[in-house]
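For reference, the structure is listed below as structure tokens.
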2 protein chains.
Amino acid sequence: MNHQELMTHYLSSFIHTLHQHHVREVVISPGSRSTPLAILLEECAEIKTYLDIDERSAGFFALGLAKGSGQPVGLLCTSGTATANYYPAVIEAYFSRVPLIVLTSDRPYELQHVGAPQTINQANMYGEHVKHFFQFEMSEHDLSLLKYNQAMTTRSIAESTSAPQGPVQINVPIREPLIPGKLLEFGNQNVENTMITVEQGKRALSNTQLVTIAAQIGQAKKGVLICGKMESIGIESSVAALAAKAGFPILADPLSQLRRGGHDLNNVIESYDTFLRIESAALKLNPDLIIRLGAPPVSKALKLWMQNQTCMNIVVDGGMSWRDPAGSATEMIYCDEQIFCDDLTPLISIQPELHWLNSWKRLNQLTKSVLSGIEEEQELSEVKVFRELAEWLPEDANLFVGNSMAIRELDTFLFVKQRSATIFGNRGANGIDGVVSTAVGVALSRKNTILALGDLSFFHDMNGLLAARQNLADLTIILVNNDGGGIFSFLPQASEKAHFESLFGTPHGLDFVHTARLYGADYTKVKNWVEFQQALEFSKTKRGLKIIEVPTDRETNVANHRALQSLLESRIEEEWLS
Amino acid sequence: MNHQELMTHYLSSFIHTLHQHHVREVVISPGSRSTPLAILLEECAEIKTYLDIDERSAGFFALGLAKGSGQPVGLLCTSGTATANYYPAVIEAYFSRVPLIVLTSDRPYELQHVGAPQTINQANMYGEHVKHFFQFEMSEHDLSLLKYNQAMTTRSIAESTSAPQGPVQINVPIREPLIPGKLLEFGNQNVENTMITVEQGKRALSNTQLVTIAAQIGQAKKGVLICGKMESIGIESSVAALAAKAGFPILADPLSQLRRGGHDLNNVIESYDTFLRIESAALKLNPDLIIRLGAPPVSKALKLWMQNQTCMNIVVDGGMSWRDPAGSATEMIYCDEQIFCDDLTPLISIQPELHWLNSWKRLNQLTKSVLSGIEEEQELSEVKVFRELAEWLPEDANLFVGNSMAIRELDTFLFVKQRSATIFGNRGANGIDGVVSTAVGVALSRKNTILALGDLSFFHDMNGLLAARQNLADLTIILVNNDGGGIFSFLPQASEKAHFESLFGTPHGLDFVHTARLYGADYTKVKNWVEFQQALEFSKTKRGLKIIEVPTDRETNVANHRALQSLLESRIEEEWLS
């Protein structure tokens, strides 16, 4: 076989292996060195390819596709700094446990370290932020490496999809000439490409271990379940059943998916971030057992409250990442979260302590009634955007929420409902970067996707809008524009008057109508709440990219939050503590 | 001392050390964890700070400042994925030898590896693409680490500025609370902060080594000097003197700075990339000695020609990076390039072989006369943009040229002139990313800066325009818009009709007038060459950001180049070979 035939054989087998192990989508950024892989991927009818010119956006786009589908997603770029643009998305995928198959094409062996163009050090270039690295080499003489490559590619995908899921890098050096033949098909007869299957077990506790934990729960009078983002599909019912049996409130982060859906919502507490800030309330709530599942929640008030507790504090993590930023864990349980709940619940025999649970519920109701007061506000405000949005969310909506202020506002204003909705966010490393592209990826795998984010985060990834347009994404963007960094107004930095606006407020003065025009997006800048509701309703009927901009004010938002807190404090004094 | 006092002391000393070692500019991206460093840097009157919201752009912005000033430049961001956005610029700085001091703020020790927000693995996160990594730790108890930190900070900057220059990372974990006191001033009396000076020697050959090389040059009848981008200021005269003494033509890359300026231009050959593609000409030019200085040139024709030679091939590199992508080196010389020229020239005694030199010169003149023919073209075209631009460049202009097609067009059309100009490009890793921001950085350190680039590269870094506006850069952008990836039309990919437009042509259909409006840039889309000239002239008188868009066609550009080659081939046949 000549160079082209060998290359085509190796790369066809590679693509076949990707497909065998459920890689059905690949985001491609244009470039020269990736040519053979890009062409062969496009020829593979079973793998859908998307184009994204900007590799930074492409990385997050693939992340969003994987979040939306729950399947591993590939991404492919040329050699050189193109690959470095993936780094932010790779890191986010690593910490948020999303399976990405990062395919970096490279110059061949003999062009390394001699100053060749677009040649950098791509081996292990993402350091500790990938779960696995594989250097894919082809022979120029025979197919002797085919079977090895197939095994290592299979292993790479298996690493990516095993708990904790995460990104892997496969570096693919390719020699010129770069034009492949036709994609080869491999049947099962073809011994050299018989599939290597991988069966993945999940971690489960022994009965002895479970009985001990059930006994601890049985002894607890005042237990609490705390849930962040969890990986298993349908875990909500398992968690709700455990909480119901034990009589524990569930402090449910917006990304836990516990606040919306058809499961039992009875024990779900949503407003803890607001009421735990009130010292008099927080001090009254002294648990004797805390069980945590999933990623650390967004709420800082919850973290601080937890740090003040001295009780047994159990962290259940099938991904074994030592998720304990508060430093309050007393017991780590390496076990699949859903299996943990399902195996444990039947073993619990306890007369639930209803006083404890009801105390949480009453406080939660009170807090929600105070927070709902902002519905009366006439002025456009950040808080009411998220309250209105949370109420409006249609059945089966997918809401992607930005970092910094957006996720915090949603944490405050997303109340429980049977109406199902899925909440997405980039809470692995919590960056404001790549949010637009991640939402575009979700929008391409799920209908009814809405993105709510702030102006700095929107600005950071405006390039992501091109891929939205080119790949015909249906996405509604709610752009809360306070012209700068809103979160800093809540932090001690706000007292640094001399430097505040230049370093933290960072007003940009951008009029995003021009951005909308550049990308052909439908654009509305709302002037009042009626227009906001109209724009939301309109977005359901209109395909493509829609931007609903809500101008708000940073100072007003701080004042709004403080007023709500102050009102709540007096209401708690009157109605809950008394 | 309390936490705030200790932190202020440590960070003031750090800033003082940066300043002592010539860091006079820092690009800051807003964030929380970096607060104390950002505030204290802003308070330091001797260090200029710039704001850039997007860290990817900020990295390249700092790169441009350092390219423009020749001094090390700092960049500062918050923890998490913000730091990963620097990766493309760090890689470019590494391979193009630009001193960047990358300051990544981090969460403290006790928040690592426990799932804390915005906490990733920042130690050594740029892998082999920084020259040095230093973890800056502060004590909460005393100033015992102050002197060590000062030494290691000094060492880091020294590493960054020693040959080959490059980026270093200093990771700075900071504990809350994040508000510093006032910046402390340090006098020389203050023993704990006495400056540690660093005197850097340069590599020079011994007289014995030089005499040997001078003898080799003396024996050569047909020597050639090849020059890429070189680091030393004023090296042009040294190279010209060596070439004059030896009677060697200088094949001068546009980034060598040898094509423009007050030095002796007599031996400079610019059009080799065009005429070496013509096989009959290339075969006639058989050197018996090649000496190379600086980075590998852009020209692929030159690389291929060199690979066909079997003569002695000397690479002089004070940065010791084994710059030999063609694999044709026979002798590596680790010596400062300017010292090499200056020490060698007086030792050469040779009767220059004028026939050899004149043969190159005649061919070069012939090629230039053919290339100049495009001046007659009426239609807007990519080739003529670069020809007109090269002719028009005002005295002391700084031209930043994009990668992919732009640098290749300039390579073809930048002819020698005494009128000085400095040519910049990102030719470390040759990415199309970050070009706008790098040019913004150059524009803020040098007057009369012009950026010429293609539409994909412009798109990739449009976010860089915000920092241009916010920092009041005067920059003229010549945007050659062929709606996609022009370079691929020259590559074998062009024959892949089924996939070409979707994977390589990648038309985006963007109307950049909206981009100009978003950033308040002056914008002209020219319709003919008169308008192009008018826009260029106007740009000299107008401050701020100016975008001159030239719509061109990818197919036409390929046809233009082929026509010029074909015409040249027959002219060479008639006038040079005969």
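The values are calculated or read from the model by the stated rules, or taken from the named source; none is laboratory data. Because the structure is predicted, anything quoted here is derived from the model rather than measured. Heads up, the Cβs are rebuilt from the backbone with ideal geometry, glycines too, and the neighbour counts pull from every protein chain shown. The protein model used for the area step is the full one, side chains on, heavy atoms only, and it has no ligands, DNA or RNA in it. Shrake-Rupley method; radii C 1.70, N 1.55, O 1.52, S 1.80 Å.
A compact table of results
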item	result
All positions within the stretch B:218-236 that are within 21 Å of the chain's Cα centre (by Cα) and more than 27 Å from B:ARG408 (Cβ to Cβ)	B:GLY234
Filtered residue count, the stretch A:147-189, keeping only those that are part of a helix (DSSP H, G or I) and within 28 Å of the chain's Cα centre (by Cα)	10
Residue among B:THR556, B:THR506, B:THR515, B:THR541 that alone is β-branched (Val, Ile, Thr), in contact with a helix residue (DSSP H, G or I) (Cβ under 9 Å, 6 or more places away or on another chain) and surrounded by fewer than 20 Cβ atoms within 10 Å (Cβ to Cβ)	B:THR556
Scope the stretch A:120-141; condition open to solvent by less than 10 Å² (accessible area, probe 1.4 Å) and at the interface with chain B (Cβ under 8 Å from one of its Cβ atoms); matching residues	A:ILE120, A:MET125, A:HIS129
Check on A:GLU46, in a helix (DSSP H, G or I) and surrounded by fewer than 24 Cβ atoms within 10 Å (Cβ to Cβ)	no
All helices (runs of 4 or more DSSP H) inside the stretch A:263-372 with 2 or more residues being farther than 28 Å from A:ASN430 by Cβ	A:279-284, A:337-344, A:354-372
Any hit, the stretch A:385-392, residues being outside the structural domain of A:TYR94 (by TED's automatic domain parsing) and closer than 15 Å to A:LEU258 by Cα	yes
Within the stretch A:114-140, tally of residues that are without any contact (Cβ under 8 Å) to a residue 60 or more places away in the chain and under 25 Å from A:LEU6 (Cβ atoms)	10
Check on A:SER144, open to solvent by 50 Å² or more (accessible area, probe 1.4 Å), over 15 Å from A:ILE170 (Cβ atoms) and either among the hydroxyl-bearing types (Ser, Thr, Tyr) or in contact with a Cys (Cβ under 9 Å, 6 or more places away or on another chain) (or both)	yes
Test for B:GLY544: is it at pLDDT 95 or above, within 19 Å of B:LEU465 (Cα to Cα) and either within 26 Å of the chain's Cα centre (by Cα) or not assigned by TED's automatic domain parsing to the domain that holds B:TRP392 (or both)	yes
Identity of the residue in the stretch B:49-85, more than 20 Å from A:PHE504 (Cβ to Cβ) and touching a Phe, Trp or Tyr at 6+ places or on another chain (Cβ under 7 Å), that ends up most open to solvent (accessible area, probe 1.4 Å)	B:LYS67
Those residues of the stretch A:535-554 which are assigned to a helix (DSSP H, G or I) and either farther than 13 Å from A:VAL385 by Cα or touching a residue at least 60 places away in the same chain (Cβ under 8 Å) (or both), in sequence order	A:LEU536, A:GLU537, A:PHE538, A:SER539, A:LYS540, A:THR541, A:ARG554
Of all residues in the stretch A:99-118 being open to solvent by less than 10 Å² (accessible area, probe 1.4 Å) and assigned to a loop (DSSP other than H, G, I, E, B), the one that is nearest to A:ASN430 (Cα to Cα)	A:PRO99
Residue match in the stretch B:234-257 (condition: under 17 Å from B:ASP336 (Cβ atoms), crowded, with 19+ Cβ neighbours inside 10 Å, among the acidic types (Asp, Glu) and at pLDDT below 95)	no
Residue in the stretch A:364-384 that is in contact with a Phe, Trp or Tyr (Cβ under 7 Å, 6 or more places away or on another chain) and within 30 Å of A:ASP54 (Cα to Cα) present	no
Which listed residue, of A:PHE14, A:PHE95, is away from every other protein chain (no Cβ under 13 Å) and of a type outside the set (Val, Ile, Thr)	A:PHE14
Any helices (runs of 4 or more DSSP H) falling wholly within the stretch B:404-503 and containing at least 3 residues that are open to solvent by less than 10 Å² (accessible area, probe 1.4 Å) and within 13 Å of chain A (Cβ to nearest Cβ)	B:435-445, B:455-460, B:464-470
Qualifying positions in the stretch B:288-301 - surrounded by fewer than 23 Cβ atoms within 10 Å (Cβ to Cβ) and either touching a residue at least 60 places away in the same chain (Cβ under 8 Å) or of a type in the set (Lys, Arg) (or both)	B:ASP288, B:LEU289, B:LYS300
Search result, residues across the stretch A:25-77 that are without any contact (Cβ under 8 Å) to a residue 40 or more places away in the chain and more than 10 Å from chain B (Cβ to nearest Cβ)	A:ALA45, A:GLU46, A:ILE47, A:LYS48
Residue within the stretch A:177-186 that is outside the structural domain of A:ILE250 (by TED's automatic domain parsing), more than 30 Å from A:SER32 (Cα to Cα) and in contact (Cβ under 8 Å) with a residue 12 or more places away in the chain present	no
Residue ID - surrounded by the most Cβ atoms within 10 Å (Cβ to Cβ), chosen from residues in the stretch B:518-528 that are assigned to a loop (DSSP other than H, G, I, E, B) and at negative phi	B:TYR519
Exclusive hit being charged (D, E, K, R), assigned to a helix (DSSP H, G or I) and in contact (Cβ under 8 Å) with a residue 24 or more places away in the chain, set A:GLU531, A:GLU569	A:GLU569
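To keep it simple, each residue is scored yes or no on (1) under 12 Å from the mean Cα position of the chain (by Cα); (2) modelled with pLDDT of 95 or more.
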site	(1), (2)
B:LEU65	yes, yes
B:GLY70	yes, yes
B:THR81	no, yes
B:VAL90	no, yes
B:SER96	yes, yes
B:ASP106	no, yes
B:TYR109	no, yes
B:ALA116	no, no
B:GLN122	no, yes
